Structure formats: structure tokens, C-alpha cells
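Quick notes on the structure that follows.
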Amino acid sequence: MLEQPPLDPWGHRYVYVNDDGHPVVMSHGEEGVAGGTGSGQDVTIKVAPRVPRPRDGPHCAP
């Protein structure tokens, strides 16, 4: 486990939120505040929901 959470490239803390059960990681860019343009623009990564693996079929291992 990390002692400190990682910082974004501008030295600000990332923002972690839960969007209807899906984790979202955001950086508020160079300015460190929501919104902005250019290098101050927010960067958001939403993790896609897991797609269940098929339990049987021709592509499943026995």
C-alpha cells in the first residue's frame, strides 16, 4: 500500500469519485481547479464496468 496517494503531473491530488458504482479518477489539470481550458482542462478516466465472462461455450477452458 502507498504511504501517500500519487499526485498528478502538476503536483495536485487526483480526485476519486464513485459514479453509479464505477470508479472515476480525475485531475483538475495545471490550475488544480475544476473546469479550465488547455493545460488547465480537467482529465477524467472512468473505468468501464466489468463484462462477465461466459461460463461455458467453445471459447471456455474446461
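Looking at region 1-34 only, could you name the residues that are surrounded by fewer than 14 Cβ atoms within 10 Å (Cβ to Cβ) and touching a residue at least 12 places away in the same chain (Cβ under 8 Å)? Full working, then the answer.
Of region 1-34, the ones surrounded by fewer than 14 Cβ atoms within 10 Å (Cβ to Cβ) are 1-7, 9-11, 13, 16-23, 33-34.
9, 10, 19, 21, 22, 23, listed by residue number.
In the set 48, 61, which member is out of contact with any strand residue (DSSP E or B) (no Cβ under 9 Å at 6 or more places or on another chain), at pLDDT below 90 and either of a type in the set (Val, Ile, Thr) or part of a loop (DSSP other than H, G, I, E, B) (or both)?
Just one listed residue meets the conditions, 61.
The values are calculated or read from the model by the stated rules, or taken from the named source; none is laboratory data. None of these values were measured; they are calculated from a predicted model. For neighbour counting, all protein chains shown are included, and Cβ atoms are generated from backbone atoms with ideal geometry for every residue, glycine included.
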